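Enquirer: Take a look at this one; I'll ask things after.
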Amino acid sequence: MFLCRYEMGSGPQYGVINEGKVYRLNGDPFDVHAVIGAYEVDLAEVRLLPPTVPSKIICVGRNYVDHAKELGNDLPAEPLLFFKPPSALIGPGVSIAILPIMGEVHHEAELAVVIGKQGRFISEDSALEYVRGYTCANDVSDRDFQRKDGQWTRAKGFDTFLPLGPWMSTSVDSLDLSIRCEVNGEVRQDARTSLLVFSIPMLIAHISTIMTLEPGDVILTGTPAGVGRIIPGDMVRVTIEGIGTLENPVAKRVS
Ligand code: ZN
């Protein structure tokens, strides 16, 4: 099943996508009592929003061997975690904003996990029961600030630095999916989720020893090799098998 969040002029709604049509979800995707309502509108006519409203976004650095190597880093012995703020989120089609103060800004295609129910000290064996679905993410990063600052809050935390969507797939098996990033039609990243160093169940178990995971929370699982610069005028597309394509233009913004 594909679940989306969308806007039609009367505030954000959740919906279920079936054969190009959106059916309104009465309730939210994290409510077990939510029921699928009537046909609402054609998918092409809605403005899609990020498919979840997370309380937090936990990101994993250096979780593909080839990407750690390309930036000259060793693989971490344990998952390397950082946050992106919810204010960085944008939906499909919204521009990634490049400000004059920024340096070298990169795309990072990532598989995003959306948590479905509250959990702490989750075991690896039961971890996938806490997943509501999967979506595409672009962990946009300013490499100059990342190198300069010990913490990555500035490098990773600008508004618009987290395109997420276009919707969430609840039925895909995340173990071995193709993940790609194209910039202006040129393939920059092309890998498989089977190459993750720390698996999704392992990440959920590990993170939940630190903090309570809440419904709607997002885990970005790391980016494969092939990251590179994006500049105003570019079009970035992240495609994950069984989910879809997340497309965002890049634009200059003065203030
Ligand atoms: Zn990343």
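The values are calculated or read from the model by the stated rules, or taken from the named source; none is laboratory data. This structure is a prediction, so every number in the text was calculated from the model and none was measured. Here the Cβ is made from the backbone with ideal geometry for all residues, glycine too, and neighbour counts use every protein chain on show. The area values use the complete protein model at the heavy-atom level, side chains included, leaving out ligands, DNA and RNA. Shrake-Rupley method; radii C 1.70, N 1.55, O 1.52, S 1.80 Å.
Enquirer: To the nearest 20 debye, what charge dipole does the chain have about its Cα centre, counting +1 at the Cβ of each Lys and Arg and -1 at the Cβ of each Asp and Glu?
Expert: Charge dipole, the chain, about its Cα centre: 600 debye, nearest 20.
Enquirer: Mean residue ellipticity at 222 nm from the helices of the chain, using -39,500 (n - 2.57) per DSSP H segment of n ≥ 4 over the full residue count, to the nearest 500 deg cm²/dmol?
Expert: -2500 deg cm²/dmol
Enquirer: Give, as a single signed number, the net charge of other residues whose beta carbon lies under 15 Å from the beta carbon of Ala44, with Lys and Arg counted +1 and Asp and Glu -1.
Expert: Computed value for this residue: -4.
Enquirer: Please report the base-10 log of the normalised intensity I(q)/I(0) for the chain, using a Debye sum with one equal scatterer per alpha carbon and no solvent, at each q in 0.09, 0.15, 0.16 (1/Å).
Expert: -0.36, -1.05, -1.20
Enquirer: For a quick check of your reading of the filter: which GluC sites (Glu not before Pro) in the range 79-172 sit in a DSSP loop and have no more than 14 other Cβ atoms within 10 Å?
Expert: Passing both the DSSP loop test and the Cβ count: Glu124.
Enquirer: Rounded to the nearest percent, how much of the accessible area of the range 2-47 (1.4 Å probe, protein heavy atoms only) is carbon and sulfur?
Expert: Using a 1.4 Å probe with all protein chains present, the range 2-47 comes out at 50 percent carbon and sulfur.
Enquirer: Add +1 for every Lys or Arg and -1 for every Asp or Glu among the other residues with Cβ under 9 Å from the Cβ of Ala155, and state the total.
Expert: +2
Enquirer: Let me ask you something else. Where a ≥ b ≥ c are the square roots of the eigenvalues of the C-alpha gyration tensor, would you call the range 122-221 rounded, which needs a/c under 1.5, or, failing that, prolate if a/b is larger than b/c, or oblate?
Expert: Since a/c reaches 1.5 but b/c is at least a/b, the shape of the range 122-221 is classed as oblate.
Enquirer: Between Ser178, Ser126, Ser169, which gets the highest mean-square fluctuation from a Gaussian network model of the chain, Cα cutoff 10 Å?
Expert: Ser126
Enquirer: Further question: Would you give the gap between the C-alpha center of the range 77-110 and the C-alpha center of the range 161-235, rounded to a whole Å?
Expert: Taking the Cα centre of each part, the range 77-110 and the range 161-235 sit 12 Å apart.
Enquirer: Let me ask something additional. Quote the relative contact order of the range 2-47 in percent (integer), defining contacts as alpha-carbon pairs under 8 Å separated by 6+ residues.
Expert: Computed value for the range 2-47: 33 percent relative contact order.
Enquirer: Relative contact order for the range 50-252: what is it in percent, counting Cα pairs under 8 Å that are at least 6 residues apart?
Expert: 35 percent
Enquirer: Starting from the range 89-148, pick out the chymotrypsin sites (Phe, Trp or Tyr not before Pro) whose DSSP state is loop and whose Cβ has at most 16 other Cβ atoms within 10 Å.
Expert: Answer by residue number: Phe121.
Enquirer: Now for a different question. So, counting K/R as plus one and D/E as minus one, what does the shell of residues with Cβ under 14 Å around Asp28 add up to?
Expert: Surrounding charge for Asp28 is +1.
Enquirer: I would also like to ask the following. Just want the answer: with Cβ charges of +1 for Lys and Arg and -1 for Asp and Glu, which residue in Leu246, Val53, Phe145 is farthest toward the dipole's positive end in the chain?
Expert: Result: Phe145, furthest along the dipole toward the positive end.
Enquirer: Only loop residues by DSSP count here, and only those with at most 13 other Cβ atoms within 10 Å; note down the GluC sites (Glu not before Pro) in the range 1-101 that meet that.
Expert: Listed in order of number, the matching sites are Glu19.
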